[in-house]
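The values are calculated or read from the model by the stated rules, or taken from the named source; none is laboratory data. As the structure is a prediction and not an experimental result, all values here were calculated from the model. Backbone-built Cβ (ideal geometry, glycine too); neighbour counts: all protein chains shown. We work out accessible area using only protein heavy atoms, side chains counted, and drop any ligands, DNA or RNA first. Shrake-Rupley method; radii C 1.70, N 1.55, O 1.52, S 1.80 Å.
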Amino acid sequence: MIDNQRLAVSLAGLNLKNPVMPASGCFGFGREYAEFYDLNRLGAIVVKATTMEERLGNPVPRVAETPGGMLNAIGLQNPGVDEVMKTELPYLEQFKDLPVIVNVAGTEIEDYVAVSQRVSEAPNVSAIELNISCPNVKCGGITFGTDPGIAGELTAAVKKVSKVPVFVKLSPNVTDIVPIAQAVEAAGADGLSMINTLVGMRLNLKTRRPIIANGTGGLSGPAIKPVAIRMIYQVSQQVNIPIIGMGGIQNAEDVLEFIMAGASAVAVGTANFVDPFVCPNIIDELEQKMDEYGVSSIQELVGAGWK
Amino acid sequence: MRKGMATVLSNQQIVDRVFRLEVQGDLIGEMTWPGQFVHVRCGTGIDPLLRRPISICDVNVEEKILTMVYRVEGHGTKILSESVPGQPLDLLGPLGQGFPIDERKEGEHALLIGGGIGVPPLYYLGKELVKRGVKVTYVIGFGTASQVILEDELQSVGTTYVVTMDGSAGEKGLVTDVLNEGFNLEDSAWDVLYSCGPLPMLKALQDRFQPTGKEGYLSLEQRMGCGVGACLACVCQTQSPENGKKYRKVCSDGPVFPLGEVKL
């Protein structure tokens with residue numbers, strides 16, 4: 001139910017009561033955080049990347065810390081689409097006021113198409129987020145996200161079968177993100193999610209080897225916020241589809257900055273690990289910050305940074 | 001599972017790099033299960049960004065006082081070591097599955113084996129076992145005499161054997177060596193094993209006692225992200241992936257696992 005028009009946002013046919021959702025991979029399928037608060041408070045939920053088959057993920061260590069951020073290489077660990085359809089999505093049905101966005105990943109176009117078709121038929125799935133940008137999985141994932149042609153081809157193929165809007169999650173690990181955004185828009189994407197993590201590495205001084213078993217990991221957290229803001233600012237001026245912005249959001253002021261840059265809604269990732277209550281806290285804090293900065297509604301602020 | 005603020009009562013170095021931190025706060029009243037842990041925010045800024053999992057060494061449930069004994073390993077624990085009385089500390093917890101103790105019967109004999117900074121949670125465990133009428137024997141191992149912690153506290157709970165790798169305190173060798181000699185700790189002398197310590201020690205215990213069918217529980221340590229089971233940073237593989245469960249999460253399925261459940 002939308003009871004506050006100031007916070008309500010509409011993107012690609014989704015009507016959200018507020019613009020704040022947890023980001024994929026940082027919130028599992030919601031179960032763990034439902035122990036802390038009522039998930040109906042969220043604008044939406046983006047669940048963990050789902051693949052055709054079960055994936056066991058990468059060896060540990062899977063995370064390393066950096067100033068203001070963290071590197072992770074989980075490796076898309078998930079129970080596979082059958083189990084997600086059987087247990088995880090039905091679990092979320094109890095939250096009647098919670099639009100569910102499923103992040104879909106794969107190694108071949110056929111995987112993405114098959115998984116997208118299946119999950120888009122689930123009764124409580126409102127949208128798909130195509131993960132063409134995971135930096136931690138070999139062969140696939142990120143290769144789709146770094147080539148405009150392949151990204152467009154994949155988007156078009158998934159659009160053909162999906163019963164719900166399709167957001168494409170873009171990689172920041174490219175020379176120019178704009179042509180990729182334009183390619184997926186031309187291929188029929190309903191929206192964009194940006195940005196995924198930045199590829200990074202840390203070494204262990206004692207072992208002289210990378211801390212993360214995978215070698216490289218994806219950098220997230222407040223350290224990457226300026227990169228996300230810059231990319232959203234660039235892309236939002238070149239496309240006509242809405243953007244879910246993400247990358248280091250920690251508080252309501254960060255949300256306003258992302259919206260100003262051109263995002264229509266936001267996802268909060270790493271900050272959930274620091275404070276499990278961060279999403280509801282941001283939602284509670286948002287109106288006060290809007291008053292402070294003279295913002296009448298979230299919708300009117302979209303792209304105010306360049307309009 | 002809660003998040004809350006506690007107030008630092010004291011924070012003192014007990015041996016090189018190891019500190020004893022006492023804090024008081026409402027959520028500590030829930031910390032009744034030995035072997036669970038708290039996820040501690042070190043400092044208030046974004047560096048370090050993530051919390052640090054710290055074991056529960058002792059709890060005074062009535063007065064809501066938690067004792068943590070931790071070793072300075074890096075940036076986060078260094079900041080924690082600078083805590084001063086009166087300072088607020090942001091805690092998430094108690095988290096995870098602790099040492100199973102409800103099935104213990106009066107008169108049983110529990111063997112508690114700790115290594116290094118894995119020793120602290122065995123103090124609270126031992127006290128709770130003794131409350132249930134269980135006899136407790138400790139074997140605690142360290143590199144050298146200057147690293148020995150909590151010996152007096154543990155002696156007050158049960159007979160405590162100290163082992164050091166260089167022989168500078170107690171017996172020389174590894175904790176497993178003591179089980180071979182004349183300490184009356186042969187397999188038939190005890191009913192259940194509880195252990196926390198470095199991975200090689202836990203592996204040695206699992207390799208030795210899993211084939212015997214003895215009941216035992218091991219507490220694991222792993223780099224964590226969220227601490228509540230969502231991020232999948234701290235997984236370990238199961239030995240027999242029955243029921244499709246091929247992995248366990250150290251933070252939420254553990255940190256304590258029955259002997260033989262996970263691969264070490």
Item to check | A:Ala49 long-range amide H proximity, modeled H, under 5 Å | outcome: A:Gly25
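Hey, got a sec? Which GluC sites (Glu not before Pro) in region B:167-224 land in a DSSP loop and have at most 12 other Cβ atoms within 10 Å?
Working: sites: B:Glu171, B:Glu181, B:Glu186, B:Glu215, B:Glu221; in loops: B:Glu181, B:Glu186, B:Glu221.
Answer in residue order: B:Glu181, B:Glu186.
Could you tell me what percent of the DSSP beta bridges with both partners in the protein assembly as shown are antiparallel, to the nearest 5? Kindly include the intermediate steps, with their values, before the conclusion.
On the way: 53 of 104 bridges.
Around 50 percent of the beta bridges assigned by DSSP in the protein assembly as shown are antiparallel ones.
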Checklist outcome for this item: With the charge dipole of region A:31-132 built from beta-carbon charges (+1 for Lys and Arg, -1 for Asp and Glu) about the Cα centre, the Cα from A:Val125, A:Gly69, A:Gly57 projecting farthest to the positive end belongs to A:Gly69
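How much accessible area is lost when chains B and A come together, counting both sides, with a 1.4 Å probe, in Å² rounded to the nearest 100? Mind dumping the intermediate values first?
Values: alone 12040 and 12490 Å², together 21980 Å².
Between B and A, the summed buried area is about 2600 Å².
With a 1.4 Å probe and all protein chains in place, put B:Asp102, A:Asp82 in order of accessible area, largest first. Before the final figure, lay out the partial values.
Numbers: B:Asp102 125, A:Asp82 95 Å².
So, going from the largest accessible area down, we get B:Asp102, A:Asp82.
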Next on the checklist: Can you tell me the orientation of helix B:121-131 relative to chain B, as the angle in degrees between its alpha-carbon axis and the longest Cα principal axis, to the nearest 10?
Outcome noted: 70 degrees
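Leaving ligands and nucleic acids out of the surface, order B:Arg104, B:Arg20, A:Arg202 by accessible area at 1.4 Å, largest first. Write out the running numbers ahead of the final one.
Numbers: B:Arg104 25, B:Arg20 60, A:Arg202 100 Å².
Largest accessible area first, the residues go A:Arg202, B:Arg20, B:Arg104.
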Next on the checklist: Restricting to bridges with both residues inside chain A, how much of the DSSP beta-bridge set is antiparallel, in percent to the nearest 5?
Outcome noted: 40 percent
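Assuming 0.36 nm per residue, please report the length gained on full extension of the stretch A:Gln288 to A:Thr143 beyond their Cα-Cα distance.
Working: separation 145, 0.36 × 145 = 52.20 nm, distance 4.19 nm.
Taking A:Gln288 through A:Thr143 to full extension adds about 48.0 nm, to one decimal.
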Item to check | Paramagnetic reach from A:Glu300 in region A:229-273 [backbone N under 16 Å; point 7 Å along Cα→Cβ] | outcome: A:260
Checklist entry - Under a straight-distance cross-link criterion of Cα-Cα below 20 Å, which lysines are reachable from A:Lys206, leaving out those fewer than 8 residues away in the same chain? => result B:Lys78
Checklist entry - Taking the alpha-carbon centroid of each part, what is the distance from region B:111-143 to region B:53-69 in angstrom? => result 15 Å
Next on the checklist: Residues of region A:36-62 that become at least 30 Å² less accessible with every protein chain present than in their own chain isolated, using 1.4 Å: which are they?
Outcome noted: A:Phe36, A:Glu54, A:Leu56, A:Val60, A:Arg62
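Please compute, for peptide A:68-76, the average count of beta-carbon atoms on other protein chains lying within 10 Å of each residue's beta-carbon.
On the way: counts 5, 4, 6, 0, 4, 1, 5, 1, 1.
Taking the mean over all residues of the peptide, I get 3.
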Item to check | Partner aspartates and glutamates for B:Lys131 [C-alpha distance under 15 Å; skip if fewer than 8 residues away on the same chain] | outcome: B:Asp58, B:Asp102, B:Glu103, B:Glu106, B:Glu108
Item to check | Amide hydrogen neighbours beyond the local backbone of B:Thr160, cut-off 5 Å, H modeled | outcome: B:Tyr138
Next on the checklist: Suppose only helical runs count, i.e. DSSP H with n ≥ 4. What mean residue ellipticity at 222 nm does that imply for the protein assembly as shown under -39500 (n - 2.57) per run, divided by all residues and rounded to the nearest 500 deg cm²/dmol?
Outcome noted: -6500 deg cm²/dmol
Next on the checklist: Using the Karplus curve 6.51 cos²θ - 1.76 cosθ + 1.60 with θ = phi - 60°, what ³J(HN,Hα) values do you get for each residue of region B:58-75, in whole Hz, with x for Gly and Pro?
Outcome noted: 7, 9, 9, 5, 5, 8, 6, 10, 10, 10, 10, 10, 9, 10, 6, 10, x, 4
Checklist entry - Name the residues of region A:231-252 whose accessible area, probed at 1.4 Å, falls by at least 10 Å² once all protein chains are in place instead of their chain on its own? => result A:Gln250
Checklist entry - For the pair B:Lys131 and B:Asp191, how long in nm is the line joining their label points, each one 7 Å along Cα→Cβ? => result 1.8 nm
Item to check | Label point distance in nm, B:Asn184-A:Glu35, each placed 7 Å from Cα along Cα→Cβ | outcome: 4.1 nm
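Is there a simple number for the mean count of other chain Cβ atoms within 10 Å of the Cβ of residues in A:25-33, and what is it? Mind showing how you got there, number by number?
Values: counts 3, 4, 3, 7, 1, 1, 4, 10, 4.
Across the residues of A:25-33, the mean count of other-chain Cβ atoms within 10 Å is 4.
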Checklist entry - If each of B:Gln87 and B:Thr159 carries a label point 7 Å out from its Cα toward its Cβ, how far apart are those two points in nm? => result 4.2 nm
Checklist entry - Are there cysteines in chain B with no second cysteine's Cβ under 4.7 Å away, and if so, which? => result B:Cys42, B:Cys57, B:Cys196, B:Cys234, B:Cys236, B:Cys251
Checklist entry - Which part of region B:15-40 falls in the paramagnetic zone of A:Phe277, meaning amide N under 15 Å from the point 7 Å along Cα-to-beta-carbon? => result B:26-28
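Of all the accessible heavy-atom surface of the protein assembly as shown, with the other protein chains kept in place and a 1.4 Å probe, what percent is carbon and sulfur?
It is 49 percent, rounded to a whole number.
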Item to check | Entries in A:Lys96/A:Lys169; A:Lys48/A:Lys169; B:Lys135/B:Lys214; A:Lys17/A:Lys289; A:Lys48/A:Lys86 that, when Cα-Cα distance is taken, lie over 19 Å | outcome: A:Lys96/A:Lys169
Item to check | Accessible area expressed per residue, chain A, with surrounding protein chains retained (probe 1.4 Å, Å²) | outcome: 36 Å²
Checklist outcome for this item: Sorted list, accessible surface of protein heavy atoms, 1.4 Å probe, largest first, for A:Arg209, B:Arg71, A:Arg230 is A:Arg209, A:Arg230, B:Arg71
Item to check | For region A:278-295, Karplus couplings with θ = phi - 60° (6.51, -1.76, 1.60), whole Hz, Gly/Pro x | outcome: 4, 5, x, 5, 5, 4, 5, 8, 4, 5, 4, 5, 5, 4, 4, 9, x, 9
Next on the checklist: Given a 10 angstrom Cα cut-off, can you work out which residue in B:Lys105, B:Lys64, B:Lys135 is the most mobile in a GNM of chain B?
Outcome noted: B:Lys105
Checklist outcome for this item: Relative contact order as a percentage, chain A, C-alpha pairs under 8 Å and 6+ apart, gives 19 percent
Checklist outcome for this item: Per residue of B:219-226, other chain Cβ atoms within 10 Å number on average 5
